[in-house]
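Scroll down for the structure; my scribbles are underneath it.
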Amino acid sequence: SLILVMFASGFVRGQIKQLPDVTLYTLDGIAVSASKITNDSMPMLMCFWKTYDNECCEQLKLIYDAYDQSLRPKGVKMVAICIDGGGCVQHVKPFIYGHDFDMEVYVDKNGDFKRLMGIVDAPYNILFDQYMSVYCRHSGACGNVDEMACQKINECLALMENDK
């Protein structure tokens, strides 16, 4: 099952702490270091996607809907990383603005961030815990993504509460 795949993580909890210091670009073309992306001690869902891949776009919409309805109120942050070859911001802006997504969006123009995060293809999602450690990863699309994402993020939130 895809739910099982999501948790076959190659990372041990506590390993990452900070994202790599590589350049990503905002929708306005401003260069930003990935190491500056954080969520103030709350979980963060990072979604890697491609604008020209319908499966990626549908997955991003499903995850965003789940995030907006039930995860944002709990303090979870969602970040989208576009990994289109060449990172053309002109293709990313209309999709993001057209769907009225209210989240941080970055473009990985040369693929450095994707490679350093161990991502081969999209869609790909990584859930970080409150310590910026990888809690789980999921490669590929899944039909019931909204429930799965919420279930796993809620598990992360529960673990965070237990850690306090």
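The values are calculated or read from the model by the stated rules, or taken from the named source; none is laboratory data. Please read all numbers here as calculations on a predicted model, not as lab measurements. Here the Cβ is made from the backbone with ideal geometry for all residues, glycine too, and neighbour counts use every protein chain on show. Calculation scope for accessible area: heavy atoms of the full protein, side chains included, ligands and nucleic acids excluded. Shrake-Rupley method; radii C 1.70, N 1.55, O 1.52, S 1.80 Å.
Which percent of the accessible heavy-atom area of segment 31-122 goes to carbon and sulfur, probe 1.4 angstrom? That share works out to 48 percent.
Ranked by the mean number of other Cβ atoms within 10 Å per residue, highest first, peptides 23-35, 55-67 order as 55-67, 23-35.
The count of lysine pairs in segment 13-76 whose Cα atoms are under 23 Å apart, excluding pairs fewer than 8 places apart on the same chain, comes to 6. Extension gain, ASP102 to ASP40, is 20.5 nm, computed as 0.36 nm per intervening residue step minus the present C-alpha separation. Here each label is just a point 7 Å from Cα along the line to Cβ, and for ASP65 and VAL120 those points are 3.0 nm apart. Ranked by solvent-accessible area (1.4 Å probe, protein heavy atoms only, all chains present), the residues PHE95, PHE113 order from largest to smallest as PHE95, PHE113.
If I model a spin label as a point 7 Å beyond the Cα along the Cα-Cβ vector, how far apart are those points for VAL32 and HIS91 in nm? Modelled inter-label distance: 2.1 nm. Expressed as a fraction of 2.2 N^0.38 Å, the value expected for a compact globular protein of N residues, the C-alpha radius of gyration of segment 17-91 is 1.17. As a rough guide to protection, the peptides 37-43, 68-74, 120-126 ranked by mean Cβ packing within 10 Å, highest first, stand as 120-126, 37-43, 68-74. With contacts taken as Cα pairs under 8 Å and at least 6 residues apart, segment 18-145 reaches a relative contact order of 34 percent. Stretching the chain fully between TYR131 and LYS74 yields a gain of 18.9 nm (0.36 nm per residue, less the alpha carbon separation).
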